[in-house]
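First up is the structure itself, then whatever we jot down about it.
The values are calculated or read from the model by the stated rules, or taken from the named source; none is laboratory data. From a predicted model like this one, the values you see are computed outputs, not experimental measurements. Quick reminder, even Gly has a Cβ in these numbers, built from the backbone with ideal geometry, and neighbours come from all protein chains shown.
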Amino acid sequence: MARPSRSLDLKLIAAARRMLPDVGFSGLKIRGVARRAGVNPGMFHYYFKTQGAFRRRIVQEVYEDFLASFVEAAGGAGEARARLRRVLVAVARFARDNRIFYTLLVRELLNAQPDMSDFAKENFPRHAAVLMKLLDECRREGVVRPLPMPVLAAFAMGSMCLPNVVVTALERNRVRSLGGRAMTTVAADLLSDELIEVRADMVLAGLAKGRS
């Protein structure tokens, strides 16, 4: 008996990623995803066996895209500070471009969903190692404060990623204005390429060693 084409699993994953903003991870039902993908539901079980394995595969594919952009930004020519700035910008842009997915993943982790917890334990150390190495270079070059690595990393990543979660949460709760400004304007300001660059410079200034 001929094996099904591998492209069917990719169709199922692509369909699920399109559905995520509307239904979340909990709303990814086998028949609904298969119908959206135009694939026989039996193929879901053939490729993924369980919904947990399917969700894990979706998250893994998005993460691999993220890690590739992260590693590319951290590498290449330039001093450590310049490469750190590239990482900050790359992280913020990826989180913005995938912000609904990013917010849903944060929610799953806060709820301690077992498959997502396992995913985080296995994968987050991969980009954390790259970031810690880069921050260590910056610290040895004297361009960041001599603080513990987790403090530096949390400040840098939180400052670049948190606005995406805040904007997405406000939008999904149908907040129309904030501080007297239309929510669409607030989102455009916070998540624009220009403001991401500004935010990266603000983070670098915050990380910098103060004058004695």
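Do we find that ALA128 is within 26 Å of ALA200 (Cα to Cα), of a type in the set (A, V, I, L, M) and loosely packed, with under 15 Cβ neighbours inside 10 Å in this structure?
Numbers: within 26 Å of ALA200 (Cα to Cα): yes; of a type in the set (A, V, I, L, M): yes; loosely packed, with under 15 Cβ neighbours inside 10 Å: yes.
It is true that ALA128 is within 26 Å of ALA200 (Cα to Cα), of a type in the set (A, V, I, L, M) and loosely packed, with under 15 Cβ neighbours inside 10 Å.
Could you tell me whether any residue of the stretch 60-67 is of a type outside the set (Asp, Glu) and more than 25 Å from ASP22 (Cβ to Cβ)? So that I can check it myself, show each step before the final result.
Within the stretch 60-67, the first condition is being of a type outside the set (Asp, Glu), and the residues that meet it are 60, 62-63, 66-67.
Right, trim to more than 25 Å from ASP22 (Cβ to Cβ) and you get 67.
Yes - at least one qualifying residue is present in the stretch 60-67.
Say whether the condition of being among the hydroxyl-bearing types (Ser, Thr, Tyr), surrounded by 12 or more Cβ atoms within 10 Å (Cβ to Cβ) and touching a Phe, Trp or Tyr at 6+ places or on another chain (Cβ under 9 Å) is met by at least one residue in the stretch 155-170. Can you show your working first?
Step one: list which residues in the stretch 155-170 are among the hydroxyl-bearing types (Ser, Thr, Tyr), which gives 159, 168.
Narrowing further to those that are surrounded by 12 or more Cβ atoms within 10 Å (Cβ to Cβ): 159, 168.
If we keep only those that are touching a Phe, Trp or Tyr at 6+ places or on another chain (Cβ under 9 Å) as well, we get 168.
Yes: the stretch 155-170 contains one or more residues that are among the hydroxyl-bearing types (Ser, Thr, Tyr), surrounded by 12 or more Cβ atoms within 10 Å (Cβ to Cβ) and touching a Phe, Trp or Tyr at 6+ places or on another chain (Cβ under 9 Å).
For a quick check of your reading of the model, give me the residue pairs whose first member lies in the stretch 140-166 and is small (Gly, Ala, Ser), whose second is surrounded by fewer than 16 Cβ atoms within 10 Å (Cβ to Cβ) and in a helix (DSSP H, G or I), with beta-carbon atoms closer than 8 Å and at least 6 apart or on different chains.
From residues that are small (Gly, Ala, Ser), the pairs are ALA153/ALA128; ALA153/MET132; SER159/MET202; SER159/GLY206.
Each row is one residue, and each column tells you yes or no for (1) within 30 Å of LEU8 (Cβ to Cβ); (2) touching a residue at least 12 places away in the same chain (Cβ under 8 Å); (3) not assigned by TED's automatic domain parsing to the domain that holds ALA16.
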| residue | (1), (2), (3) |
| --- | --- |
| PHE44 | yes, yes, no |
| SER69 | yes, yes, yes |
| GLU72 | no, yes, yes |
| GLY78 | no, no, yes |
| ALA92 | no, yes, yes |
| ARG96 | no, yes, yes |
| LEU109 | yes, no, yes |
| ALA112 | no, no, yes |
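Let's see how each residue does on (1) part of a loop (DSSP other than H, G, I, E, B); (2) aliphatic (A, V, I, L, M):
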| residue | (1), (2) |
| --- | --- |
| VAL89 | no, yes |
| LYS121 | no, no |
| HIS127 | no, no |
| LEU131 | no, yes |
| GLY142 | yes, no |
| ARG145 | yes, no |
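PRO148 versus (1) over 18 Å from the mean Cα position of the chain (by Cα); (2) buried (at least 17 other Cβ atoms within 10 Å of the Cβ): which is the lone unmet condition?
Checking PRO148 against (1) over 18 Å from the mean Cα position of the chain (by Cα); (2) buried (at least 17 other Cβ atoms within 10 Å of the Cβ), the one that fails is (2).
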